[in-house]
Amino acid sequence: MKSLIVLPLLFSSLTLAQTEVHRGPVNLPSYKDLKYPPLPPLQVPKPEEFTLSNGMKVFLLEDHELPLVSGGALIRTGNLFDPADKHGVAQLTGEVLRSGGTKSKSGDQIDEELENVAASVESQIGESSGSVSFNCLKENTDQALQVFKDFLTAAEFREDKVELAKTQLRSEISRRNDDAGGIAEREFANIIYGRNTPYGWQIEYADVDAIHRQDLVDFYHRYYFPSNIILEVYGDFSTSEMKTKLEQLLGSWKYTQAPVPAFPKVQANPAPGVFLATKTDVTQTFFNVGELGGEYRDKDYPALEVAAQILGGGFSSRLLRRIRTELGWAYNIGSSWDADYDHPGVFRISGSTQSVHTVDTLKAVREELEKFRSAEVTDEELKTAKDTVLNGFVFHFDRPSKTLNRLVLYEYFGYPRDFLFQYQKAIAAVTKADILRVAQKYFKLPELTFVAAGNPKDFGTPLTTLGLAVQNIDLTIPEPAEAAAKVDPASLQKGKELLGRVQQALGGADKLAAVKDIEYRGEAGIETPGATMKVKQANSYLAPSSLRQEIELPFAKQTVYSDGTTGWLVTPQGPMGMSPAVLKQVHGEVFRQIPPLAMSDRDANRTVNYVGDGTIEITEKDGESVKVVVDEKTGLPAKIVYQGGQGPVEQSYSEWREVNGIQLPFAWTIMQGGKKFASVTVAEYKVNSGLTKEEISKKP
């Protein structure tokens, strides 16, 4: 029966459609004729302001629309206060303040407690502020506030969480050159502000290794005190009750410190020129062009924001129309006059382009800037840009919480409460003459910095044709330099004596010296996110410097061989030569073979030094170094420690057994950067089986 109903309806619809076709197109009004009423006046709620008895300033704003309460403490601190030799202290403090828990509970225990009541407490430290925030249901306000207060006043910074955060930061450093767009943006900012200033330096492995738990504790105690904090609370509560609650909860926290100094001033000088970050694994070029910008409070900021909008702020902007739409060179392009509350931001034109059109694109950017400085913009350009900026104004106040956040920021940075309304009026008053004036005053073509990240072999034209000096950016991530242990006759003698004990425990110096080759077969469990990957492995070592590794992954096989000077790899992609970086890794593997390592006192190129706590450091003249921690009871190596690509590597040995007169470990665990990386179990060893170079150098 349903089909009998549907068919007539379908037939009727088709007939009606055919009739409309015969009648011709329907005349619909143009979108240009649509009229919109003006936005109603903004009703900005006024928060309650007061100061606790300990000097902490508080803003409260009720909102009973939902049964939720949220809040946050804004702390006058930031990574601009990082010690010069320990960049990253502020960032790590902000992270571990939360993950490290409090004196009474670990961070993991607090996670579980908050999850059970649908609440959260978070912390972080950025460039020029720190924060501790909370969100919860109204009924759980007291519980969330207590946890919030504990983090604010009694964070514990547990050692294991400090080490975990340091490991994660090392991982970030190791990946910082993966994204070409990120490279262009980062290097542009570092050049503009100055690499050796708090605004332009970057965190390196050596910084992370120099940071210890006490550094975080000291940073926390220096900046987290009541009179250095502005507190805001927003949501479904009674203002009078919340005032009482906060005084009872926080008022007794009387901790004081000296006033926090002003943030350092930007001292950068113009860095005109072209800077190239070579990235050979990309097929497009990412670029940033610009110079130092200004602050929000600058009188010309409104005109500059409108100017940047016309230049490259949207689909109708000049840069997008010409370089992307008309010429088809750029994948994307835009511009902005970025400002900050208390220091200059940057004027930036950024985007990406086809590699072959890199220089053409950068020349076109410069040409568009020259045009922008030479004549007034059109009436339509001005109107569209101003409307775009002004229409976005309402989103600053679409929720009462945004109003509160903005007022707290103005208080924090010393801006007038009505600053945003002053800015709104200033935008509305911008004229074409203003745009031309600020473009000629601030868009300084001779002072422009050009940064390009891409493969110069694919550029259609050399960067030098821009007429500026080209400087190569060094993207090398420096490895940390280990602090040199004290070396004197006494420490060298003690190191030799302890190594002698290791030799005896392993089977004796004569037997170790007689080892010519070692083979083993085993299985490794590699830790990956969510699972452990099983890998079969066969190693063959032939004295003095040859090594072969055969690795069978679940999805592929790989063979590596080196004689200490050259080498090759055979992968599913075929055979290939060994790069210097891989050759260095293989050399390190050879250096750390237990029998020859234990005989280092007979090698004139090696130094054996006692560095304390039952540990000897063995160093080779070519730079290889390893610390051997000796088991006090057995004299066997308990573990070795050396520097890997992502931080320290620890290899801990167990299950020692005799093989052909010497002791060898049948299991070991590898920790990399503080986290478990792999575990290895050996099924079989062969020692002095008569292995030859021809055998281990044969390609599969």
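The values are calculated or read from the model by the stated rules, or taken from the named source; none is laboratory data. Values in this document were obtained by computation on a predicted structure and should not be read as measured data. Cβ sites come from the backbone with ideal geometry, for glycine too, and all protein chains shown count toward neighbours. Heads up: the accessible areas ignore ligands, DNA and RNA and are worked out on the full protein's heavy atoms, side chains in. Shrake-Rupley method; radii C 1.70, N 1.55, O 1.52, S 1.80 Å.
A few points about this structure:
- If only residues of region 89-113 that are farther than 15 Å from V217 by Cβ and small (G, A, S) are counted, the one that is surrounded by the most Cβ atoms within 10 Å (Cβ to Cβ) is G107.
- Residues that are small (G, A, S) number at least 2 in the following helices (runs of 4 or more DSSP H) confined to region 370-466: 419-428, 432-442.
- For D281, the criteria (1) closer than 29 Å to L319 by Cα; (2) open to solvent by 50 Å² or more (accessible area, probe 1.4 Å); (3) charged (D, E, K, R); (4) modelled with pLDDT of 95 or more hold in every case but one, which is (4).
- Of the residues making up region 188-222, those that are of a type outside the set (D, E, K, R), under 19 Å from G130 (Cβ atoms) and part of a helix (DSSP H, G or I) are Q214, L216, V217, F219, Y220, H221.
- L216 vs. criteria over 28 Å from the mean Cα position of the chain (by Cα) and more than 30 Å from P456 (Cα to Cα): no
- Residues located in region 664-689, provided they are touching a residue at least 24 places away in the same chain (Cβ under 8 Å) and open to solvent by 50 Å² or more (accessible area, probe 1.4 Å): Q672, G674, K675, K676, F677, T681, A683, E684, K686, N688, S689
- Test: residue in region 393-416 that is open to solvent by less than 60 Å² (accessible area, probe 1.4 Å) and more than 30 Å from S227 (Cβ to Cβ): yes
- Scope region 503-539; condition outside any helix (DSSP H, G or I) and open to solvent by less than 20 Å² (accessible area, probe 1.4 Å); matching residues: G508, V515, D517, I518, G522, A524, G525, V535, N539
- Listed by position, the strands (runs of 3 or more DSSP E) enclosed by region 228-345 that each have at least 2 residues that are over 22 Å from V408 (Cα atoms) are 273-278, 284-292, 330-337.
- Per-region count, region 352-367, residues open to solvent by 10 Å² or more (accessible area, probe 1.4 Å), in contact (Cβ under 8 Å) with a residue 40 or more places away in the chain and either under 16 Å from E326 (Cβ atoms) or in contact with a Leu (Cβ under 8 Å, 6 or more places away or on another chain) (or both): 5
- Candidates G328, G345 - the one that is within 24 Å of the chain's Cα centre (by Cα) and open to solvent by less than 50 Å² (accessible area, probe 1.4 Å): G345
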